[in-house]
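Asks: Supplied in C-alpha cells, the structure appears directly below.
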Amino acid sequence: MILAIETATNVCSVALFRDNAVIGLLESDEHNAHSRILHVLIDRLFTETGTSLSHLTAVAVSKGPGSYTGLRIGVSAAKGFCYAKDIPLIAINTLECMAAGMKVHLAGSGRAIENPLLIPMIDARRMEVYSAIYNTNLVPVRETQAEIITPESFQTLRLTSPLVIAGDGADKCKNILPGENITYLDDFQASAAWMLHPAIDAFRHQRFENTAYFEPFYLKDFIAGKPRVKGLE
C-alpha cells in the first residue's frame, strides 16, 4: 500500500493505492492551508479506508515543480513517514503526474483526439508557467521548464500535432494562443490520484530516493518578497 501526497499547487491532495487501484482520496483547495490540513487529511484517509500507517509499504510524493512552500510541506511529511516506518520514498515529477491524469481524463470524457501531445501547466506567477510536453505513452517530448507564454508558444507543435493543455497555468494560454488544434481541459487539477501508475511503476522498479538527502524539484530558486508595512520604510 502506497500513500501519495500532492502539495505542489493550490490543491492539497492525499490518496492511498493498493492492488493497482486508488482505495481512498481526500482533497482540499483551501488557500494557503497545506501546513494546517495535510496531516488532518491523512488521518481521515486512514480512518475512512480502515487502514493505518503500519500498513504502508512506501510513500510517494509529488516532487515539483510547483509552489516552494507547498513542496516543502509535502516532502517533509513524506520523509517523516518514511523515517518512522523505515519504508522507501518515491518522488514523481508533478507535471508527469498531471500528464498521467490528463490521459485518464481524456479517456473518461470520450473525447476523440488522435495522438495528442499532453502539456500540463502549473502557474508560476505573472505570465510564466512550469510546463513539460508528453506523448500519450508519457514519454517526454520536451523536458520540464519555466517559460513565459507568448503568441509564439508551441508554434511548431501546433502545426503538426493536436495539443491538450491543462492545469492551473492553462488560463494564461486561452487569451493568447488560438483554439485551433488546442484542447483545454477546464475541469482538471493536480491530484494525488494521478500518481497511481507512476508511483506503482517506480515501486516495482525500485526507483527510490535517498530519504535523508532528497530535496524537492524547485526548478527556480526561491525569492523572498520584501515585506511592506504601512508607515515603515
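Nothing in this text is a laboratory measurement; each read-out follows from the coordinates by a stated rule. Fair warning: this is a prediction, and the values are worked out from it, not measured in the lab. FYI the Cβ positions are ideal-geometry reconstructions off the backbone, even for glycines, and counts take in every protein chain you see.
Asks: Could you please rank R125, R158, R142, placing first whichever residue has the fewest other Cβ atoms within 10 Å of its Cβ? Show your work: numbers first, answer last.
Replies: Details: R125 7, R158 17, R142 14.
Least crowded to most crowded, the residues run R125, R142, R158.
Asks: Could you tell me what percent of the DSSP beta bridges with both partners in the chain are antiparallel, to the nearest 5?
Replies: On the way: 23 of 39 bridges.
So the antiparallel bridges in the chain amount to around 60 percent.
Asks: Still on this structure: Could you pull out every one of the lysines with an alpha carbon less than 17 Å from that of K220, ignoring same-chain neighbours closer than 8 positions?
Replies: Within reach: K63.
Asks: Considering all projection directions equally, how large on average is the shadow of the alpha-carbon convex hull of the chain, in square nanometres? The partial results should precede the final answer.
Replies: Details: hull surface 59.3 nm².
So the mean shadow area of the Cα hull is 14.8 nm².
Asks: Nearest 20 debye, what's the magnitude of the dipole of region 94-185 about its Cα centre given +1 on Lys and Arg Cβ and -1 on Asp and Glu Cβ?
Replies: Working: 8 positive and 10 negative charges, 24 e Å.
Value, rounded to 20: 120 debye.
Asks: State the Kirkwood hydrodynamic radius of region 1-107 in Å, one decimal place, computed from all pairs of distinct Cα atoms.
Replies: 13.8
Asks: Please give the length that would be gained between E143 and L53 if that part of the chain were fully extended, namely 0.36 nm times their separation in residues minus their C-alpha to C-alpha distance (nm, one decimal). Numbers along the way, then the final one.
Replies: Details: separation 90, 0.36 × 90 = 32.40 nm, distance 3.47 nm.
Length gained, E143 through L53: 28.9 nm.
Asks: To continue, here is another question. Quick one: Karplus J couplings for region 201-215, per residue in order, coefficients 6.51, -1.76, 1.60, θ = phi - 60°, nearest Hz, x for Gly and Pro?
Replies: 4, 5, 5, 4, 9, 6, 8, 9, 9, 6, 4, 5, 10, 5, 10
Asks: Using only the Cα atoms of region 94-185, construct the convex hull and provide its projected area averaged over every direction, in square nanometres to one decimal. Before the final figure, lay out the partial values.
Replies: Working: hull surface 21.1 nm².
Result: a mean projected hull area of 5.3 nm².
Asks: From the helices alone, meaning DSSP H stretches of at least four residues, give me the mean residue ellipticity at 222 nm for the chain, per-run term -39500 (n - 2.57), in deg cm²/dmol to the nearest 500. Provide the component values of the computation, followed by the final result.
Replies: Working: 6 runs with 69 residues, N = 233.
Computed ellipticity for the chain at 222 nm equals -9000 deg cm²/dmol.
Asks: With the dipole of region 27-76 worked out from charges on the C-beta (+1 for Lys and Arg, -1 for Asp and Glu) around the Cα centre, which of P65, T49, H39 lies farthest toward the positive end?
Replies: P65
Asks: About its Cα centre, how strong a charge dipole does region 1-138 have in debye, to the nearest 20, once Lys and Arg get +1 and Asp and Glu get -1 at the Cβ? Write out the running numbers ahead of the final one.
Replies: Working: 11 positive and 12 negative charges, 48 e Å.
For this selection, approximately 220 debye.
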